[in-house]
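The values are calculated or read from the model by the stated rules, or taken from the named source; none is laboratory data. Keep in mind the model is a prediction, meaning the values are calculated, not measured. No Cβ is skipped: glycine too gets one built from the backbone with ideal geometry, and neighbour counts run over all protein chains shown. Ligands, DNA and RNA are excluded from the accessible area calculation, which covers all protein heavy atoms including side chains. Shrake-Rupley method; radii C 1.70, N 1.55, O 1.52, S 1.80 Å.
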Amino acid sequence: MHDAFQLVPVLEQLPVQVESIVVTEDGVSVRLIDTKKSFANQAIRQLEVIREAGLLVSLAEDVVTLYSLQTYTQKMLLKSTKGAQMMTVYTGVDHVDGIPVIVSKLAVIVKKKLIVFEWRDAQFTDNKEFPLNEKIRSFQFSTSNMLILSTTKEFMCLQLSRGQWIDLLAADAASLRSMAKPQPQGTQQLPTSQSSGSGGGGGWGSWTMGLIGNAATGSPNIVKMPDEELLLCREDIGVFISSAGKLSKNHDGPIQFSSTPTCITYTPLYVITTQSKNDSDGAKRHNVVVQNIVDHSIVQELDLQQETPLRVTNGGNGKQVWIAGANTIWHLFPVDIHKQVEDVLQICDFEQAHNLVTKAENIFEEDREHLIQKIQWLQARWLFREEAEYEDALGMFSKLNATPTEPIALYPKSISGDLAEEYDNNLDEGAKDDEKDLSVYNDKSGTKTPTRPPSKGTQSEPSNSQKSTKKRRVVWRDGLLSMMRYLTEHRRRIQKAFSNNEQELVYLVRITQNDNEDIQDLPDVPPVPKNPDREMRENNFAPLLQFQLINVPINIVAMAQLVDTTLLKLYIECSPSLIGSLLRVKNHCDIEESEALLLKHKKFKELVDLYHGNELHRKALQLLMEHGQNKESVDLYGTKALVNYLQRLPASLFDLILEYVSWPLSYHQKDADASIFIDGHKESVEMDQDLETHPSTNHIIYKVFADGRPATLNFPREKVVSFLSGFSPYQIVCYLEYAIDEWKDTSPSLHNSMALALLQIVKDAIPKSPNKSIDITDPRRQKLIAFLKSSKYYSAEKILLNLPAENLYEERMHVLARLGQFSKALELAVFHLKKLSVGEEYCKEYVEKCENIYMLFLTVLTGDVPADVPQPRPQSSQASSKKLQKLLDNECKKRLNFSLHLIASYPSHFPLGQTLASLPPNTVLQKDFISYFKTQLRLQSQEQRETAILANLGTVERFQLRCRLKELQEICVVIGDTSVCSHCLKRIGKGVAFAVLPGKSQPIHLSCWQRRKNAEAKAKENKPQISFPNGGGFKQSAN
């Protein structure tokens, strides 16, 4: 209960007895001005006002009389109302032919008939009569077209336009109480039965289930209520109905009075009744009882001492309440709204507080909105702190657009940090063990939170702090999950603001009465304006409301940091698996606080994500290196995590990448991976799954330098090669294969590096013993030879200088081919390798680059031994000299025979004259050599025939051209005064260049022809332009 009104006597000890009372104007100033002793000959039974028509309606002497509302002089006696028992009025806006009209109606019960008078825009228009079968006890207008009436037995309604009666419900207390019971089909519509006859009659039917019986003592009553509702009463029970005659859904069932009320009225918030009770000493006392209009709870009881209240009325649709006794008139003055709200908040009735503010009249709209916000703010805190309804509380904070610091501060310091509100140290043992018990927190932040007082008979119920630790942990986890959802949704709002390039977000911020300390933790907040008038009005009455709520723009970056950091704490507390999802994306977590938190909980993998998201890459790499060398580190042991991190870095951090990739590369340096010389090694590198913790060097090079992401494509490749040269040529080859084969890099420096790296690998594989070499089929040599043959961008001179002089002759041959020194290359095959078949294959390979390579090979075979070829020294003995001479003769004979084999095998590549001149004079030609001569003769004959054919074709072409020229020269074009251009149709004047196209007789301007020719060339790109044969020239026009 709380104080809603103050009962103040405004007129006392009146010289006359009050019989009726009516309020004609709004206002609270009351004084006795005059007494109209001859107003009526008998007691006035009822007074009503039709303000729009300027009428005061009086029911006295069983007749209705109309008086002037200004002068109180009689204007008209309604003779048709002779025998009137009661009356009621209605004023509202109706639409006649679509035009709004002020309609006023007066309904009078006259014996067994009902008379309705009607005024429209203050002009009397009509009256109607309706017959009645039963005596009417009470009636009221629900709308301009409907009356609700009651007899002793039932309530009914009358539709005035059709004269139709509808039974509503039985008019006994038992039937009204049954309204609180669940309806059979869950409907809120009153049972109705229509009757076309006169008023009265039992239409209740079987719905009452025998509850009607005999009418209870006391007459039924119908009272107007706010929002166009009516209250149907009998004894100590009442039911609210809407203007349509249906049960109202705005109330919690029927209203129960403590005793049968003598008078009933209303305000927008309360139902006000006068009731009589007997004291313990037997004296009769009269009370004014104020009940909540929604939940019907008793709000206040006011004592009228022993004077009997005769009438209760209100003015201004419930804005004022007046009580008339025999010689006293009281006025119910509403208590200041802030005081009422304070009293209601003390008992945690937030819905009632909201209704008080919403329907209050004497309050500015600005103050109303602000007070509603405060109530919702306190309700949110109460739901969180006292009821543990975290989801609803956070939903209210979100709806209020409250700064997230407010709900965050309600959590313990492990979550809220410096924002945490102080809590009570008088905790039970369980709460000390479990700091997560939210109920033990006591608000000391400057804003009080209402606490529901303990109700009677509930002392045995344990408080929140006495609940089991297990249950408190479950409740606490619900609070954490609710806050996670709240901050996640708020994070989306912040991200949207970032995408819109907003700098600030406006929040509702709580500040205390003394200072603005509550918002000092948020940077870039402008000074908070104060409203002294509002503070004075609220704080004089409301200790709970000693704070202000102000919309303040807050820097979006600061808010994002608070939200993300708190969200990280929540994830660590109850959902560690979600930490990575927050830190792997762009976030604004406070670095120092988050770093300390993750280190405390040993979340090293997530700490790496934090460093990466905030571009603290050196810290992340150092952490990965330290834990990569620690076998006790479960998630980060090995080089794999470090390599994966390096793979995520941009090209701008190239130097940092080189600094930290050294350790993973050096881990396998002793066991250089030669898989690069195996076919399909790239696929094996990309799918390398053999080493889980320490990937191979080839895998590292691919992931860090060559996986094709934009960063690797922008790396300075020469620097990468220079860096890898400090490890192994295998690693250089592994990287350059991607650069050359996949990315098609044609840089000479890279091709030189590739050739030199392959050469170094081959040279390292050559045995150290003299006269030993690596086999030509070795994949290392094969890869080197393949690169020397395929690449066009390496420097042959540079590679030639690095080739060993006494080895790798095949490689040298291919390098000499790049230099065009085919003779030297063939000399290597003949005199150093002593493999004539190698020379033959060499000629086959390079015959397209050098057409006379076979003749060069023949010259080398039949010529003298070069001076740089070492010759066996002759021995002193004559036998040894003969043996050496014989060996040399055999070699010469072998070369000669191979020469004849080449000539016979490739006759088209050996011209007859040059070939015969190259052979020794004493060469004996075999029979199979005859085919060579036949081939040469056939080639010469074919060449002569081709020459003759070409000469004849030329002669024919020249003859055709001469004939065509003669035909064209015989064409004559006459240019006269009427000659026009075939293109622009303008006259061809003197001295204007023109052209006559082949096959056409009409001339065309030279400029027109050129424009048309350019247009056709554009339309047919990549096609040859039209050319004209000789004879289609240009001429000057004749005079």
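Derived from the Cα gyration tensor, the three semi-axes of the equivalent ellipsoid of the stretch 239-359 are 25, 18, 15 Å, largest first.
Put simply, the amide H of S979, placed in the peptide plane, has neighbours under 5 Å in I988, leaving out anything fewer than 5 places away on its chain. A Förster radius of 25 Å, combined with the Cβ-Cβ distance separating V101 from Y72, puts the computed FRET efficiency at roughly 0.35. Each peptide in 653-664, 348-359 gets a packing score, the mean of other Cβ atoms within 10 Å over its residues, and the list from highest to lowest is 348-359, 653-664. Between S577 and L800, the simple spin-label model (points 7 angstrom out along Cα→Cβ) gives 6.9 nm. Trypsin sites (Lys or Arg not before Pro) within the stretch 126-180: which are DSSP loop residues with at most 11 other Cβ atoms inside 10 Å? Here the trypsin sites (Lys or Arg not before Pro) that fit, given the DSSP loop and packing criteria, are R162.
Per-residue packing, averaged as other Cβ atoms within 10 Å, sorts the ranges 247-253, 1004-1010 into the order 1004-1010, 247-253, beginning with the highest. Compared with the alpha-carbon gap, the fully stretched path from L985 to V847 is longer by 43.4 nm at 0.36 nm per residue. As a rough guide to protection, the peptides 902-914, 499-511 ranked by mean Cβ packing within 10 Å, highest first, stand as 902-914, 499-511. First check a/c for the stretch 808-874, with a ≥ b ≥ c the square roots of the eigenvalues of its C-alpha gyration tensor; if it is under 1.5, answer rounded, and if not, answer prolate when a/b is larger than b/c or oblate otherwise. Judged from the Cα gyration tensor, the stretch 808-874 comes out prolate (a/c at least 1.5, a/b above b/c).
Stretch S280-V973 to full length: gain in nm at 0.36 nm per residue minus the Cα-Cα span? Spell out each step's value before the answer.
Values: separation 693, 0.36 × 693 = 249.48 nm, distance 14.39 nm.
Length difference between fully extended and current span is 235.1 nm.
Accessible-area rank, largest first, for C892, C263: C892, C263, with all protein chains present and a 1.4 angstrom probe.
So if each residue of separation counts as 0.36 nm, and I subtract the Cα-Cα distance between L656 and A596, what length gain in nm does that give?
Result for the pair: 19.1 nm of gain on full extension.
Remark: spin-label model distance D478-N922 equals 11.9 nm, labels positioned 7 Å along the Cα→Cβ axis. Note on K36 and K135: with the Förster distance fixed at 35 Å, the Cβ-Cβ geometry gives a FRET efficiency of about 0.65.
Work out, in µm²/s and without decimals, the Stokes-Einstein translational diffusion coefficient of the stretch 104-165 at 37 °C, 0.692 mPa s, Rh from Kirkwood over C-alpha pairs.
Working: Rh = 12.0 Å.
Translational diffusion coefficient: 274 µm²/s.
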